[in-house]
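Scroll down for the structure; my scribbles are underneath it.
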Amino acid sequence: MSKEITNDTFLKAARGEKTDHVPVWYMRQAGRSQPEYRKLKEKYSLFEITHQPELCAYVTRLPVEQYDVDAAILYKDIMTPLPAIGVDVEIKSGIGPVIANPIQSVTDVEKLGELNPEKDIPYVLDTIKLLTTEQLSVPLIGFSGAPFTIASYMIEGGPSKNYNKTKAFMYSEPKAWFALMDKLADMIIIYVKSQIKAGVKAVQIFDSWVGALNVEDYRVFIKPIMTRIFSSLREENVPLIMFGVGASHLALEWNDLPIDVVGLDWRLPITEARQMGIQKTVQGNLDPALLLSSWDVIEERTKRILDQGMEQDGYIFNLGHGVFPSVNPETLKRLTAFIHEYSSKMK
Ligand SMILES: O=C(O)CCc1c2[nH]c(c1CC(=O)O)Cc1[nH]c(c(CC(=O)O)c1CCC(=O)O)Cc1[nH]c(c(CC(=O)O)c1CCC(=O)O)Cc1[nH]c(c(CCC(=O)O)c1CC(=O)O)C2
């Protein structure tokens, strides 16, 4: 049995329905800038927190309780399912995910295993159940990385600035590339469906780095696999959100996918995105760097974004990418209150 969701503005907006205020959540809202979380991080790594459902649920709830956001996002990482399929990944402080056995050939791709969520990541499912049956009265968002973004870490061995190795693999070994995309798509579908079955009410797919590709290559090397993933997830009947950074040139391609929400980074104004032909709900897009400015600057920019977003139904406020560690939690609290107040007055 699910605990009752008393605030469903996020789900309504995702479905394009009218809401009495603009719903808001922030990418990387759990963790990073919160002192309670930083204290925990002195003792535990990300993987150690996610293996403990009570603790992981606490971290996931913190921004809901402290900022009053309209949705929670499960605390974990896009790397979470990878060890189960045979990827040796470690999250190194100051670097990010580092992979000991990068993919170099079709043989490496063939060695990848299958994900069995109940056996491999029961702690993720237990955290979701705990949050949704007992603790949260806002929707819980589940998520996964998308094939290109996950593959970029698996091929480069860690974070990259230019994705040269990833692109070289894609262009020169298309058969191995498509085999890798297929394996990752299978994993993502199983992984996300298990999150939905456990209780998440919406799903965001992070294709954070796919903006590195041009439109033509996106259509050939990525779009078919994204269509397969979303067509399968669509059967579960929860809102599906697509997000990437520096990917404004791909926004119209995303509009074709069987999804509900197009997540924009800060580069493309919302009105322009809609004029281009984005008809779905839009999510975004305050530049997270602005959170380090004075409140007057933040308020002025937020108003501008809200005015554009509210021009039609189907709008969710978010940042253009994740919260930085140096952001003051008070700023996020004040921003959330401002968005709620300003948007309810305008309705
Ligand atoms: O630059 C890089 O490529 C490495 C980035 C990186 C990743 N995991 C990582 C790091 C290091 C770090 O954040 O310090 C490692 C990572 N992931 C996470 C944390 C926790 C934190 O930031 O305090 C951390 C830092 C943990 C540590 O330092 O031990 C948690 C995480 N990753 C993610 C999410 C989902 C979300 O954004 O809301 C969430 C959880 C939800 C939340 O914090 O509210 C998703 C994620 N992880 C990752 C990516 C790729 C792109 C990106 O981060 O900009 C993405 C997708 C995205 O944000 O666009 C990879």
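Once the Cα gyration tensor of the chain is found, what semi-axes does its equivalent ellipsoid get, as square roots of 5 times the eigenvalues, in whole Å, sorted largest first?
Its equivalent ellipsoid spans semi-axes of 30, 24, 19 Å.
With everything on Cα atoms, drop me the angle between helix 329-346 and the longest principal axis of the chain, reported from 0 to 90° to the nearest 10.
Compared with the principal axis, the helix lies near 60 degrees.
Given labels modelled 7 Å from the Cα in the Cβ direction, how far is it in nm from Q52 to I95?
For the pair Q52/I95, the computed spacing is 2.6 nm.
Treating only the Cβ of Lys, Arg, Asp and Glu as charged (+1, +1, -1, -1), what charge dipole size does the chain show about its Cα centre? Round to the nearest 20 debye.
180 debye
Between N164 and N214, what FRET efficiency follows from the Cβ-Cβ distance if R0 is 22 Å, with the result rounded to 0.05?
The value I calculate is 0.90.
With θ set to phi - 60° and the Karplus curve 6.51 cos²θ - 1.76 cosθ + 1.60, what are the ³J(HN,Hα) couplings of segment 55-66 in order, to the nearest whole Hz, using x for Gly and Pro?
Each residue's phi maps through the Karplus curve to give 5, 5, 5, 4, 5, 5, 6, 3, x, 5, 6, 8 Hz.
For E300 and K129, compute 0.36 nm times the residue count separating them, minus their Cα-Cα distance, and round to one decimal in nm.
Result: 57.6 nm gained on full extension.
Calculate, for segment 255-347, the solvent-accessible area per residue in square angstrom, rolling a 1.4 angstrom probe over the heavy atoms of the protein chains.
Result: 43 Å² of accessible area for each residue.
Report the GluC sites (Glu not before Pro) located in segment 1-91 that are in a DSSP loop and have at most 10 other Cβ atoms inside 10 Å of their Cβ, or state none.
Taking segment 1-91 and a limit of 10 other Cβ atoms within 10 Å, the loop GluC sites (Glu not before Pro) found are E4.
Summarise the accessible area of segment 156-231 (1.4 Å probe, protein heavy atoms) by the percent that is carbon and sulfur.
Here it works out to 58 percent.
Which whole number in µm²/s is D for segment 267-347 by Stokes-Einstein, with the Kirkwood Rh taken over Cα pairs at 37 °C and 0.692 mPa s?
Once the numbers are plugged in, D ends up at 250 µm²/s.
In whole angstrom, note down how far apart the Cα centers of segment 85-121 and segment 44-58 are.
For segment 85-121 versus segment 44-58, the Cα centre distance is 20 Å.
Step through the residues of segment 107-120 one at a time and calculate ³J(HN,Hα) from phi using the Karplus curve (6.51 cos²θ - 1.76 cosθ + 1.60, θ = phi - 60°), rounding each to whole Hz and writing x for Gly and Pro.
4, 4, 5, 4, 6, 5, x, 9, 8, 10, x, 4, 8, 8
Using 21 Å as the Cα-Cα cut-off, could you pick out the over-long pairs in K18/K345; K92/K197; K92/K193; K12/K280; K183/K223?
As for pairs spanning more than 21 Å Cα to Cα, those are K92/K197; K92/K193.
Among D313, D265, D120, which one moves the most in a GNM of the chain with springs linking Cα atoms closer than 10 Å?
D120
Ignoring ligands, DNA and RNA, what percent of the 1.4 Å accessible area of segment 278-347 is carbon and sulfur?
C and S fraction of accessible area: 47 percent.
For a quick check, take a GNM of the chain with Cα springs below 10 Å and name the residue from S208, S294, S160 with the largest mean-square fluctuation.
Looking only at S208, S294, S160, the biggest GNM fluctuation is shown by S294.
Need one number: nm distance between label points at E330 and E42, each 7 Å from Cα along Cα→Cβ, rounded to one decimal.
With each label placed 7 Å out from Cα toward Cβ, I get 2.2 nm.
If you keep only loop residues by DSSP, which trypsin sites (Lys or Arg not before Pro) in segment 79-183 have at most 15 other Cβ atoms within 10 Å of their Cβ?
Qualifying residues, ordered by number: K161.
In what order, largest first, do F169, F178 sit by accessible area if the probe radius is 1.4 Å?
So the residues, ranked largest to smallest area, are F178, F169.
May I ask you to evaluate 6.51 cos²θ - 1.76 cosθ + 1.60, the Karplus curve with θ = phi - 60°, for each residue of segment 8-18 and list the ³J(HN,Hα) values in order in whole Hz, giving x for glycine and proline?
Ordered by residue, 3J(HN,Hα) equals 10, 4, 4, 5, 4, 5, 4, 8, x, 8, 5 Hz.
The values are calculated or read from the model by the stated rules, or taken from the named source; none is laboratory data. Note that the coordinates shown come from a computational prediction; the quantities given were computed from them, not determined experimentally. Neighbour counts run over all protein chains shown; Cβ positions are idealised from the backbone, glycine included. These accessible areas exclude ligands, DNA and RNA; they are computed on the full protein's heavy atoms, side chains included. Shrake-Rupley method; radii C 1.70, N 1.55, O 1.52, S 1.80 Å.
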